[in-house]
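Down below is the structure, laid out as structure tokens.
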Amino acid sequence: MDFIEKTLHLFLPRASNNHKAKILHPSGLLVLASFFILFQAVLNFIPKLGPSILGYASQISPDEIIRLTNEKRAQAGLPSLTLNGTLSVAAQSKGNDMIIKDYWAHIAPDGTQPWSFFTSAGYRYRYAGENLARDFSSASSAVDAWMNSPTHRENILNSKYKEIGIGVVEGDLAGVDTTIIVQFFGSTYVDNIAQPVAANNPINDNPTIKPTIKPTIAATISPTSSPIPIIAIASPVSTVEAIFTTSKIQQFIISPFATTRAISLSVVGLLVVVFLVDSFFVSKKGIARIAGRSFAHVSFLGMIMAIILILKAGKIL
């Protein structure tokens with residue numbers, strides 16, 4: 001019975017709380033704010049304890065990313081990109097490098113450029129591009145985020161690219177389990193060599209015999225100052241298959257963003273309900289208040305709730 005009385009005192013306007021829900025008093029709001037700040041502090045401290053239970057681990061299919069990417073290109077009237085196993089190996093290597101060296105950037109802390117992963121895998125590119133994404137729960141949300149960014153969209157809709165490679169890596173980044181998506185674009189020198197088209201020459205009844213001229217072989221100029229090494233991959237098929245094999249080990253993961261969002265919605269929703277109930281009781285019982293702006297408070301909290309609902313997890317680079 002005492003519990004019920006305390007609950008009513010906390011959430012309903014009564015004589016015991018001066019006809020205003022205790023949670024709406026400055027002291028009650030201070031307790032709520034302190035709880036939220038403490039919760040965020042604990043959430044940020046958990047990764048330092050050791051075992052990784054925070055993260056955004058998800059099962060994202062590289063095939064689905066390629067399908068969605070080609071779908072966006074088709075909508076723009078561009079040809080589909082072809083999956084290249086060597087590019088996938090390069091993309092996977094870039095993802096593993098970020099996990100091992102614990103960085104989230106196009107350029108590694110030691111100065112390693114993205115293009116070095118192309119050449120190390122044996123992909124001799126003429127044009128190359130890179131999109132990165134992390135902490136997304138689905139392939140569609142990652143592709144949509146790329147399309148909403150002008151620079152990433154330019155990569156996806158670049159007509160110079162002919163091939164694509166995807167690397168999906170799950171691991172610990174800055175103490176948080178995450179899923180990194182590496183999207184590599186490229187086209188080789190062979191892809192860009194124009195094929196000669198036979199000319200329709202008029203038929204000459206008396207052809208003139210001309211000496212045969214041997215074609216001159218010109219060296220192809222590399223886009224970098226140093227020659228690009230081509231490293232042979234012994235078994236590309238098995239390597240690519242290994243990339244797309246998902247781990248069957250299940251781990252309990254808590255998403256920091258999803259947890260914070262759920263707590264925020266719960267607190268804001270609770271305050272909205274309490275304000276509405278408080279407004280109802282005040283109106284019904286004719287309680288006079290010097291300071292009472294329930295409608296304004298509810299409207300403000302409603303806007304906060306809408307912002308929380310719009311927010312989505314995930315980062316692109």
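Can you name the residue in the stretch 248-276 that is within 20 Å of the chain's Cα centre (by Cα) and in a loop (DSSP other than H, G, I, E, B) and is also modelled with the lowest pLDDT among such residues?
Among those residues, the one meeting the criterion is Ile253.
Contact list please: Cβ distance under 8 Å, first residue in the stretch 11-38 and assigned by TED's automatic domain parsing to the domain that holds Ser279, second residue aromatic (Phe, Trp, Tyr), pairs at least six apart or on different chains.
Matching pairs, first to second residue: Leu12/Phe281; Pro13/Phe281; His19/Phe281; Ala21/Phe11; Lys22/Phe11; Ile23/Phe11; Leu24/Phe275.
What are the residues in the stretch 128-140 that are crowded, with 17+ Cβ neighbours inside 10 Å and not in a loop (DSSP other than H, G, I, E, B), if any?
From the stretch 128-140, those crowded, with 17+ Cβ neighbours inside 10 Å are 128-137, 139; that's our starting set.
Matches in the stretch 128-140: Ala128, Gly129, Glu130, Asn131, Leu132, Ala133, Arg134, Ala139.
From the list Asn70, Asn84, Asn148, which one is at pLDDT below 95 and either touching a strand residue (DSSP E or B) at 6+ places or on another chain (Cβ under 7 Å) or farther than 25 Å from Asp177 by Cα (or both)?
Numbers: Asn70 fails: at pLDDT below 95; Asn84 fails: at pLDDT below 95.
Within the list Asn70, Asn84, Asn148, the selection yields Asn148.
Go through the stretch 1-42 and count every residue that is among the charged types (D, E, K, R), in a helix (DSSP H, G or I) and either at pLDDT below 80 or in contact with a His (Cβ under 9 Å, 6 or more places away or on another chain) (or both).
2
Being at pLDDT 80 or above and polar (S, T, N, Q), is that true of even one residue in the stretch 43-54? Show your work before the answer.
Here is the first cut: in the stretch 43-54, the ones at pLDDT 80 or above are none.
Checking the stretch 43-54: not a single residue is at pLDDT 80 or above and polar (S, T, N, Q).
Those residues that are touching a residue at least 12 places away in the same chain (Cβ under 8 Å), closer than 18 Å to Asn96 by Cβ and not polar (S, T, N, Q), I need them from the stretch 107-143; list them, please. Step through it out loud before you land on a result.
At the first step, the residues of the stretch 107-143 found to be touching a residue at least 12 places away in the same chain (Cβ under 8 Å) are 112, 114-115, 117-143.
Still in the running and closer than 18 Å to Asn96 by Cβ: 112, 114-115, 117-123, 130-135.
Residues satisfying the conditions are Pro114, Trp115, Phe117, Phe118, Ala121, Gly122, Tyr123, Glu130, Leu132, Ala133, Arg134, Asp135.
Answer yes or no: is there a residue in the stretch 110-126 that is within 15 Å of Ile316 (Cα to Cα) and either touching a Ser or Thr at 6+ places or on another chain (Cβ under 6 Å) or surrounded by 17 or more Cβ atoms within 10 Å (Cβ to Cβ) (or both). Talk me through it step by step, then tell me what you get.
Kept after step one, since they are within 15 Å of Ile316 (Cα to Cα), are these residues of the stretch 110-126: none.
No, the stretch 110-126 contains no residue that is within 15 Å of Ile316 (Cα to Cα) and either touching a Ser or Thr at 6+ places or on another chain (Cβ under 6 Å) or surrounded by 17 or more Cβ atoms within 10 Å (Cβ to Cβ) (or both).
Go through the residues of the stretch 163-185 one by one and say whether even a single one is surrounded by fewer than 23 Cβ atoms within 10 Å (Cβ to Cβ) and hydroxyl-bearing (Ser, Thr, Tyr).
Taking every residue of the stretch 163-185 in turn, none turns out to be surrounded by fewer than 23 Cβ atoms within 10 Å (Cβ to Cβ) and hydroxyl-bearing (Ser, Thr, Tyr).
Name the residues in the stretch 150-170 that are among the acidic types (Asp, Glu), under 17 Å from Tyr127 (Cβ atoms) and not in a helix (DSSP H, G or I), would you?
So the first thing to find is which residues in the stretch 150-170 are among the acidic types (Asp, Glu), and the list is 154, 163, 170.
Pick out the ones that are also under 17 Å from Tyr127 (Cβ atoms) and you get 154, 163.
If the condition is that a residue be among the acidic types (Asp, Glu), under 17 Å from Tyr127 (Cβ atoms) and not in a helix (DSSP H, G or I), then Glu163 is the only one that fits.
The values are calculated or read from the model by the stated rules, or taken from the named source; none is laboratory data. This structure is a prediction, so every number in the text was calculated from the model and none was measured. No Cβ is skipped: glycine too gets one built from the backbone with ideal geometry, and neighbour counts run over all protein chains shown.
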